[in-house]
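So the structure is just underneath, and the comments pick up after that.
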């Protein structure tokens, strides 16, 4: 696996997949998933975000960093700090079966909105997930993504390890995703 493809080559591959592959074909190559990981070097995030917005202006963009800030605002920073001081952990604030609208549910709700509007959901700034207890594969393996008529595209900042494994944000080993990987 190599990150040597140019941005043009990667976007050509993405276009080919979206224009020429049906949902079943994507699911077969994505090992049952319904997602496409568009992998890029950490230092080129802005270039990839600008390019995907230019190439797919009608897509439904889910800015994970923006949602993260909205989520913190919705629960209140003071409440978050208090919870952390009481329990010593913060991750349960982002992903919990006991909270009606946690951060993970906010993300999945945005993907549902894309589905309702018949748009391709594109997740950008996915690096903001780090430290929340929510991995990209939690989203990819969700029922909402699996049942979506259009594949979810995740912009994925990563490097390759010495043994050719994807490293999310350059240091967290990626799991075996249920996605087509364009790197």
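The values are calculated or read from the model by the stated rules, or taken from the named source; none is laboratory data. What you are looking at is a predicted structure, and each value in this text was computed from that prediction instead of being measured. Backbone-built Cβ (ideal geometry, glycine too); neighbour counts: all protein chains shown.
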- Query: Could you list, in sequence order, the residues of the stretch 52-65 that are surrounded by fewer than 16 Cβ atoms within 10 Å (Cβ to Cβ) and under 15 Å from residue 134 (Cβ atoms)?
  - Reply: 65
- Within the stretch 1-110, helices (runs of 4 or more DSSP H) holding 3 or more residues that are farther than 21 Å from residue 166 by Cβ, out of contact with any strand residue (DSSP E or B) (no Cβ under 7 Å at 6 or more places or on another chain) and modelled with pLDDT under 85: 77-87
- Name every residue in the stretch 19-51 that is under 22 Å from residue 113 (Cβ atoms) and either surrounded by fewer than 16 Cβ atoms within 10 Å (Cβ to Cβ) or touching a helix residue (DSSP H, G or I) at 6+ places or on another chain (Cβ under 8 Å) (or both), in order of residue number. 23, 26, 33, 34, 35, 36, 37, 38
- In the stretch 120-168, how many residues are in contact with a strand residue (DSSP E or B) (Cβ under 8 Å, 6 or more places away or on another chain), part of a loop (DSSP other than H, G, I, E, B) and modelled with pLDDT of 90 or more? 5
